[in-house]
Amino acid sequence: MNPATMSAAAAAGVSVMSVAPSAYLVVGTILFAIGLAGALLKRNALSIFLSIELMMNAVNLLFLTYARMRGDAAGQMVVFFVIAIAAAEAAIGLAIFVALFRARQTVDVDKINFLKW
């Protein structure tokens with residue numbers, strides 16, 4: 001918010017709540033760390049898939065924060081394309097998991113050995 005809008009809101013008796021960009025950076029970093037830990041520690045393919053989605057959303061939050069700090073819309077355009085690609089990736093990934101479950105009756109990554117001799 002610009003200072004003129006903030007002072008007008010304060011004069012009208014409305015409290016203006018502004019969150020510092022560092023808070024968004026901390027939240028994005030924590031979300032990315034949780035997603036990374038989930039992707040490395042889980043054995044279920046669906047859990048790994050959801051952890052990767054969480055990491056992508058954390059990066060989107062960081063892109064938007066840095067774009068807001070710089071004052072341009074380039075970060076918003078990047079996030080728009082990442083969300084579009086993530087939707088297509090989710091549809092294809094879930095289709096692969098369904099086919100994998102039908103073939104092997106499990107989605108445990110330790111029990112899937114398609115590439116072994």
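The values are calculated or read from the model by the stated rules, or taken from the named source; none is laboratory data. Everything numeric here is computed off the predicted structure, so don't read it as measured data. Methodologically, a virtual Cβ is constructed for each residue, glycine included, from the backbone with ideal geometry; neighbour enumeration extends over all protein chains shown.
A few notes on this one:
- Count of residues meeting criterion [surrounded by 13 or more Cβ atoms within 10 Å (Cβ to Cβ) and over 17 Å from Ser47 (Cα atoms)] in the range 84-117: 1
- Ser51 falls short on exactly one of the conditions (1) surrounded by 13 or more Cβ atoms within 10 Å (Cβ to Cβ); (2) within 18 Å of Val109 (Cβ to Cβ); (3) over 13 Å from the mean Cα position of the chain (by Cα), and that condition is (3).
- Unique match (being of a type outside the set (Ser, Thr, Tyr) and modelled with pLDDT of 90 or more) among Ala45, Ala23: Ala23
- Summed over the range 73-96, residues that are out of contact with any helix residue (DSSP H, G or I) (no Cβ under 9 Å at 6 or more places or on another chain) and either of a type in the set (Gly, Ala, Ser) or touching a residue at least 24 places away in the same chain (Cβ under 8 Å) (or both) total 5.
- For the range 61-110, the set of residues classified as more than 24 Å from Leu25 (Cβ to Cβ) and not in a helix (DSSP H, G or I) consists of Gln105, Thr106, Val107, Asp108, Val109, Asp110, listed by residue number.
For (1) out of contact with any strand residue (DSSP E or B) (no Cβ under 7 Å at 6 or more places or on another chain); (2) farther than 15 Å from Asn60 by Cβ; (3) at pLDDT below 90, each residue gets a yes or a no:
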position: Val79; (1), (2), (3): yes, no, no
position: Ala88; (1), (2), (3): yes, yes, no
position: Phe97; (1), (2), (3): yes, yes, yes
position: Arg104; (1), (2), (3): yes, yes, yes
position: Asp110; (1), (2), (3): yes, yes, yes
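- Near pairs, Cβ below 8 angstrom, 6+ apart or cross-chain, from the range 61-72 (among the small types (Gly, Ala, Ser)) to any residue that is not in a helix (DSSP H, G or I): Ala67/Ala73
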